[in-house]
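Novice: Let me begin by handing over the structure; questions about it come next.
Only the coordinates and a few stated rules stand behind these numbers; no lab work does. Every value quoted in this text rests on a predicted model; they were computed, and no experiment measured them. Quick reminder, even Gly has a Cβ in these numbers, built from the backbone with ideal geometry, and neighbours come from all protein chains shown.
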Amino acid sequence: MEIKRLLVINVPIKNCNLKCEYCYISALKENEKGAAKFLYTPEHVGKCLSKERLGGTCIINLTGGGETLIPKEMPQYIYQLLLQGHFLEVVTNGTLTSRFDEIAEFPRNLLEHLEFKFSFHYAELKKKGWIDRYFSNVKKMWEKGCSFTVELMPYDGLIDDIDEIINLCKSELGAACQITVGRNDLTEKKDLLTSMSRKEYESVWRKFDSTMFDFKLDIFQKKIDDFCYAGAWTLYVDLGTGAAKPCYGQLSNQNIFTNPEQPIIFNPVGKHCRQPYCYNGHAFLTLGVVPELETPTYADIRNRVCEDGREWLSKEVKDAFSQKLADNNEVWDEKKKNSYERKYPFIFFKTALYDWKEIYNKTQEIRCDMSNGQRNIKQKSTILAIILVIYIYVPYFANILENTFKISSLYEYIIYMMLAIIAIGTTMSMNKRVLTFLFVFCSAIIINYIVVPYRYYVFIEGIQALVGIAVPCLCVSNNIFDLRIFVEKWWKFSKLNLPLVLVAVVLLKQGLVHYSIFTSICVPNVFIGSYMVLQGIEKRKWLYINVAINILVTAVLGGRMSAVISACMILFAYVYSGKIKLWKKLIIIVGLVVSAYILLNNLIDILYWVSQKLAQYGMQSRSVTLLINQIKSNEIYLTNRDYIYTACVEYIRGRVGLPGGFGIPLYITSGEYYYAHNVVLQFLTFFGIWGTIIILGITLIRARTIKYIAPLKCKKFMYFMLLCYIGIGMTGSSIWIHYLSTIFIAIFFFGNSKIYQSIEVS
């Protein structure tokens with residue numbers, strides 16, 4: 001039986017009953033909710049995909065973004081396609097027993113044309129206790145006449161289980177499973193899904209002796225320049241709508257379900273593939289869409305010969321999968337290829353018009369069908385983002401309330417509590433992980449309060465920490481939180497709040513506020529501006545002016561270290577921005593070096609000049625004064641930080657690595673210092689040496705997970721935030737109350753794949 005074409009059919013389902021660590025679509029806790037939507041009945045789809053219309057017998061692959069068999073309609077779609085005489089491959093995780101029971105009732109002659117690709121998610125199956133269920137379903141369908149393959153996703157977390165997996169497959173199915181090559185779809189080049197080098201990765205996983213692995217690794221990230229017949233001999237079809245396109249990454253050029261009588265367009269991709277490489281080449285290339293390329297057959301990479309001589313593929317399926325499409329279709333000569341290449345721009349233009357029309361129509365449908373609930377979700381996402389932006393700038397307003405209006409600093413934490421209540425009330429829901437975290441946090445405060453004599457200090461710092469960290473955790477952990485909206489609102493506010501900076505300048509001149517007010521207003525502005533530079537997603541002229549004003553004000557009127565850290569933020573962002581040309585970076589760096597040389601050689605004169613200018617306007621700069629005195633006396637002014645540092649070090653030595661908990665800085669300084677003014681010392685005093693090691697271990701484990709589920713833009717945002725906080729935290733602030741630290745903790749530990757990927761949406 002000649003195979004004429006390959007059809008890859010996407011099943012519109014994004015949710016899954018498994019939560020595999022390496023799956024970015026249905027990762028961890030965020031499978032998309034809602035049933036799959038099918039516009040056409042199984043009978044209609046079967047008629048549209050008849051042999052007559054497709055030109056002969058086809059291999060049809062059915063796969064979903066989540067678990068393919070979740071939609072209750074799937075057995076009927078499978079049945080109708082088998083009735084047409086095609087060979088079907090269904091991708092599944094093998095756990096939905098009821099679906100397999102239904103399919104097992106099909107006539108045997110139909111089942112003999114059916115092959116299952118059973119994805120073997122070993123770790124998740126073991127975790128849920130479903131391994132016996134999985135193999136039972138595999139063997140059930142095998143006994144009913146179906147063919148199958150068992151395929152493992154190799155990822156770093158399974159390395160220690162390799163021998164166990166091989167032995168398990170051999171005992172249950174007579175042969176080791178095939179393995180694929182894991183790719184990170186969140187990277188631009190779809191890199192290997194591993195922290196190992198390619199050589200190490202290959203060495204570790206060769207143990208399975210998998211033809212699939214060998215071939216996929218061989219073609220991995222290799223761009224093929226030969227003429228490709230995908231589109232002529234293949235189609236990629238959406239089962240829900242009927243939209244069809246030649247291959248992955250191409251534009252939709254037709255709907256093949258609208259009219260079964262209408263001929264299907266088969267135009268090859270040729271030399272116009274838009275993918276970095278043929279990442280689904282194990283199907284397309286082995287079936288011969290590029291005739292010049294020597295490859296194993298599709299049967300070779302799916303089949304296994306068991307120890308008793310049986311094979312995973314039946315003879316009929318094996319024969320079908322062993323064919324090359326080039327043998328059953330017309331292969332063009334160079335003249336016809338060149339003629340097609342000349343016509344391709346017109347074909348592409350027509351395709352693009354169709355695709356844009358479909359996108360426009362879909363957009364209009366979405367706009368018309370958008371429910372009030374959907375609109376509310378966007379509104380609530382915006383509210384959560386605004387709450388978090390307000391949270392960042394609360395210390396600014398608290399500084400004014402306390403110093404100008406003589407209102408107790410307690411109101412700062414009352415504001416935090418109000419923001420937390422609003423965050424909960426916005427959606428009337430709380431993430432279970434956050435709820436557990438806050439419960440444990442509160443319990444730790446209570447236990448700490450009970451076991452130590454300095455209870456007042458524990459109460460003071462404990463409450464500050466609880467309300468300080470609760471707001472970002474409650475906002476970020478909410479399923480509707482949108483990281484992109486938060487970044488946008490923060491940046492817009494920073495651009496519009498220069499009047500607030502001027503207000504702070506006026507109040508400082510009148511002696512009504514503390515110099516630290518500039519740390520609370522200017523540094524957040526610099527951070528978000530620097531992030532925009534890092535991503536290259538804002539017009540730079542106004543951006544740099546805004547950042548420069550904030551740094552200048554901080555340097556002159558604020559804290560010394562705040563100014564230094566702010567300057568380092570923008571410099572780091574500029575140097576590491578992928579959007580800025582190298583020669584521009586070099587010019588800036590050289591300019592800064594020269595400027596720094598001139599500044600240092602004339603520093604005392606410049607400082608005197610600044611001091612005199614400020615005096616003319618009735619102002620005095622603490623930073624400038626300290627620097628002048630420091631240069632004149634040749635001493636380093638740590639503004640009593642040496643006192644708290646010494647006290648913390650002595651306390652750590654006396655504890656032999658044991659945790660101290662809340663209130664330690666207040667206790668050892670007799671109520672003078674609320675925090676250690678150094679993030680390392682705070683960790684060691686609070687958690688102890690062993691507690692710090694445990695926290696670092698948990699962080700590394702979480703980072704490993706995030707590596708696979710967070711896109712590059714999100715990781716840049718998180719780790720830039722962490723880097724900036726470490727810089728600030730080395731001389732001041734507390735991990736429990738500083739916005740960079742608390743928001744990082746919230747995003748890092750309580751974010752999910754949906755939230756991480758939201759920042760990528762334009």
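Novice: With an 8 Å cut-off on Cα pairs and a minimum separation of 6 or more residues, tell me the relative contact order of the chain in percent.
Specialist: The value is 11 percent.
Novice: Pairs of alpha-carbon atoms within less than 8 angstrom and 6+ residues apart define the contacts here; what relative contact order does the stretch 373-758 have, in percent?
Specialist: The value is 20 percent.
Novice: Continuing with the same structure: When the C-alpha atoms of the stretch 56-124 are aligned to their principal axes, what extent does each axis show, in angstrom, from largest down?
Specialist: For the stretch 56-124, the Cα spread along each principal axis is 40, 22, 19 Å.
Novice: How much of the DSSP beta bridge set in the chain is antiparallel, as a percent to the nearest 5?
Specialist: Approximately 20 percent, going by the DSSP bridge assignments.
Novice: List the pairs from 140/318; 51/324; 495/713; 14/127; 128/713; 315/336 whose alpha-carbon separation is above 25 Å, in the order I gave them.
Specialist: 128/713; 315/336
Novice: Per residue of the stretch 214-228, in order, report the coupling 6.51 cos²θ - 1.76 cosθ + 1.60 (Karplus, θ = phi - 60°) as ³J(HN,Hα) in whole Hz, putting x for Gly and Pro.
Specialist: Here the 3J(HN,Hα) series is 4, 6, 5, 5, 5, 9, 4, 6, 9, 6, 9, 9, 6, 5, 10 Hz.
Novice: How many angstrom separate the Cα center of the stretch 647-706 from the Cα center of the stretch 467-508?
Specialist: Cα centroid to Cα centroid, the span is 28 Å.
Novice: Could you work out the longest stretch of the chain that avoids the trypsin sites (Lys or Arg not before Pro) located in DSSP loops with at most 11 other Cβ atoms within 10 Å?
Specialist: Value returned for the longest uninterrupted segment is 582-762.
Novice: Would you mind telling me the antiparallel percentage of the DSSP bridges in the stretch 3-333, rounded to 5?
Specialist: Once the DSSP bridges in the stretch 3-333 are tallied, antiparallel ones form about 20 percent.
Novice: Which aspartates and glutamates does residue 380 reach when only Cα atoms under 18 Å apart count, and residues fewer than 8 places away in its own chain are ignored?
Specialist: Counting by Cα, and skipping residues close in sequence, residue 380 has these aspartates and glutamates nearby: 482, 488.
Novice: Same structure, new question: Under the classification rounded if a/c is under 1.5, otherwise prolate if a/b is larger than b/c and oblate if not, where does the stretch 3-333 fall, given a ≥ b ≥ c as square roots of the Cα gyration tensor eigenvalues?
Specialist: rounded
Novice: Right, another one. For the chain, what is the calculated [θ] at 222 nm in deg cm²/dmol (nearest 500), taking -39500 (n - 2.57) for each run of four or more DSSP H residues and dividing by its residue count?
Specialist: -18500 deg cm²/dmol
Novice: Based on a Kirkwood Rh over C-alpha pairs, give the Stokes-Einstein translational diffusion coefficient of the stretch 80-173 at 4 °C and viscosity 1.567 mPa s in µm²/s.
Specialist: Estimated via Stokes-Einstein, D reaches 92 µm²/s.
Novice: Give the relative contact order (percent, whole number) for the stretch 252-335; include only Cα pairs under 8 Å separated by 6+ residues.
Specialist: 23
Novice: For the pair residue 564 and residue 587, what calculated FRET efficiency results from E = 1/(1 + (r/R0)^6), where r is the Cβ-Cβ distance and R0 = 22 Å, to the nearest 0.05?
Specialist: 0.45
Novice: How big is the chain by the Kirkwood estimate over distinct Cα pairs, in Å?
Specialist: 30.2 Å is the Kirkwood radius here.
Novice: Right, another one. According to the Cα gyration tensor, what semi-axes, each the square root of 5 times an eigenvalue, does the equivalent ellipsoid of the stretch 532-686 have, listed from largest to smallest in whole Å?
Specialist: 35, 24, 15
Novice: If you don't mind, there's one more thing I want to ask. Taking square-rooted eigenvalues a ≥ b ≥ c of the alpha carbon gyration tensor, is the stretch 465-605 rounded, prolate or oblate, where a/c under 1.5 means rounded and, failing that, a/b exceeding b/c means prolate?
Specialist: oblate
Novice: For a footprinting-style exposure proxy, rank 443, 477, 758 by other Cβ within 10 Å, fewest first.
Specialist: Ascending number of Cβ neighbours within 10 Å: 443, 758, 477.
Novice: Gain in length, residue 541 to residue 51, computed as 0.36 nm per residue apart minus the alpha-carbon separation, to one decimal in nm?
Specialist: 170.3 nm
Novice: Along its three principal axes, how long is the stretch 373-758 when you only count alpha carbons? Whole Å, largest extent first please.
Specialist: Sorted largest first, the three principal extents are 58, 52, 41 Å.
Novice: Residue separation times 0.36 nm, minus the C-alpha to C-alpha distance between residue 262 and residue 1: what's the value?
Specialist: Gain on extension, residue 262 to residue 1, equals 91.4 nm.
Novice: Scan the chain and report its longest stretch carrying no chymotrypsin sites (Phe, Trp or Tyr not before Pro) that are both in a DSSP loop and have at most 11 other Cβ atoms within 10 Å.
Specialist: Excluding the exposed sites themselves, the longest stretch runs over 1-404.
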